[in-house]
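Some notes on the structure that comes next.
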Amino acid sequence: MTRHFLIFGPPAAGKGTQAHSLKEHLSVPHVSTGDMFRANIQGGTDLGKEVQSLLASGTLVPDSLTNRLVADRLHQTDVAEGVLLDGFPRNVPQAAWLDGFLAGKGTKLSGVVVLTVPDEELKARLKGRAEKESRADDADPAVIERRIATYKEQSEPCIAYYEGQGEVPLYFVDGVGSIEEVAERIRAAV
Ligand code: ADP
C-alpha cells in the first residue's frame, strides 16, 4: 500500500510546520509546491523568473507550470511509496489532474488532512510571518486579502470535490493551538 497524503488548508494555517512532523509519522517525504517555487526564485532559474511576480502578488501559478513541477518531483524514486503534498492541489483542476497522475501510477490518495483556522487568526499569523521571514507575499495587507480570497474561491472547493468523490478520507483538524497540540491532533486523526 502506498501512502500519498495531502495537508490542506488556507495560507498560514500551519501546513508547512505540521508537515514536518506528519512526514515523520507517515515515513514519507514532504513535497511543498510553495517551497519549490521559492527555491527556483532564489536560484534564479527560468521557472523562478516566470513565477516571481505571481508569488509576490498572491496569485496562483498557472496549472500547466505547477502540474509539470509536481509531475517531475513525483517521478523521482524517493516518493514511489508515498508522499506528503503541501500546497498542492490548490484548485479543482489540479486535484483532478493529481487523481489522474496517481491513477497512472496505479495508486491513489490515502488521506487528506484539512487544517481549519479562522480568518482573523490567519491574518494575524501572516502579518507575524512577514516580520519574521521577510516573505514578499506576507508583507502587504492587500496581498494577504488576495491569498485568503484565492483560497476560498479556488482551493476550498477541493474539499467538496473530495467529499463528492467519496474515495479518500478527509481529516478535519483544528489548527488553533500550540504547534505540538496541533501535531498531536493530526497524529490522532490519521
Ligand atoms: P502558504 O503556506 O502561505 O499557503 P505556499 O508556500 O504554499 O503558501 O505558496 C506560496 C505561493 O506559491 C502561493 O500564493 C502561489 O502563488 C504559489 N503556489 C504554491 N502552490 C501552488 C499551486 N499548487 N498552484 C498554484 N500556485 C501555487
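The values are calculated or read from the model by the stated rules, or taken from the named source; none is laboratory data. On a predicted model such as this, the values are computed, not experimentally measured, just so you know. Positions of Cβ are backbone-derived with ideal geometry, glycine not excepted, and every protein chain shown enters the neighbour counts. Ligands, DNA and RNA are excluded from the accessible area calculation, which covers all protein heavy atoms including side chains. Shrake-Rupley method; radii C 1.70, N 1.55, O 1.52, S 1.80 Å.
For the range 125-141, state whether one or more residues are within 20 Å of the chain's Cα centre (by Cα), modelled with pLDDT of 95 or more and outside any helix (DSSP H, G or I). Taking every residue of the range 125-141 in turn, none turns out to be within 20 Å of the chain's Cα centre (by Cα), modelled with pLDDT of 95 or more and outside any helix (DSSP H, G or I).
The set of residues in the range 106-124 that are without any contact (Cβ under 8 Å) to a residue 24 or more places away in the chain and either under 17 Å from the mean Cα position of the chain (by Cα) or open to solvent by less than 80 Å² (accessible area, probe 1.4 Å) (or both) comprises Gly106, Ala124.
From the list Glu50, Glu24, which residue is in contact with a helix residue (DSSP H, G or I) (Cβ under 9 Å, 6 or more places away or on another chain), open to solvent by 80 Å² or more (accessible area, probe 1.4 Å) and at pLDDT 95 or above? Explain how you work it out, then say what you get.
Numbers: Glu24 fails: in contact with a helix residue (DSSP H, G or I) (Cβ under 9 Å, 6 or more places away or on another chain).
Unique residue meeting the criteria: Glu50.
Of all residues assigned to the range 39-54, at least one qualifies as being farther than 23 Å from Pro118 by Cα, outside any strand (DSSP E or B) and within 9 Å of the ligand (Cβ to nearest atom). Within the range 177-190, the set of residues being in contact (Cβ under 8 Å) with a residue 60 or more places away in the chain, open to solvent by 20 Å² or more (accessible area, probe 1.4 Å) and not small (Gly, Ala, Ser) comprises Ile179, Arg187, Val190.
What are the residues in the range 143-160 that are open to solvent by 60 Å² or more (accessible area, probe 1.4 Å) and in a helix (DSSP H, G or I), if any?
Scanning the range 143-160 gives Glu145, Arg146, Lys152, Glu153, Gln154, Ala160.
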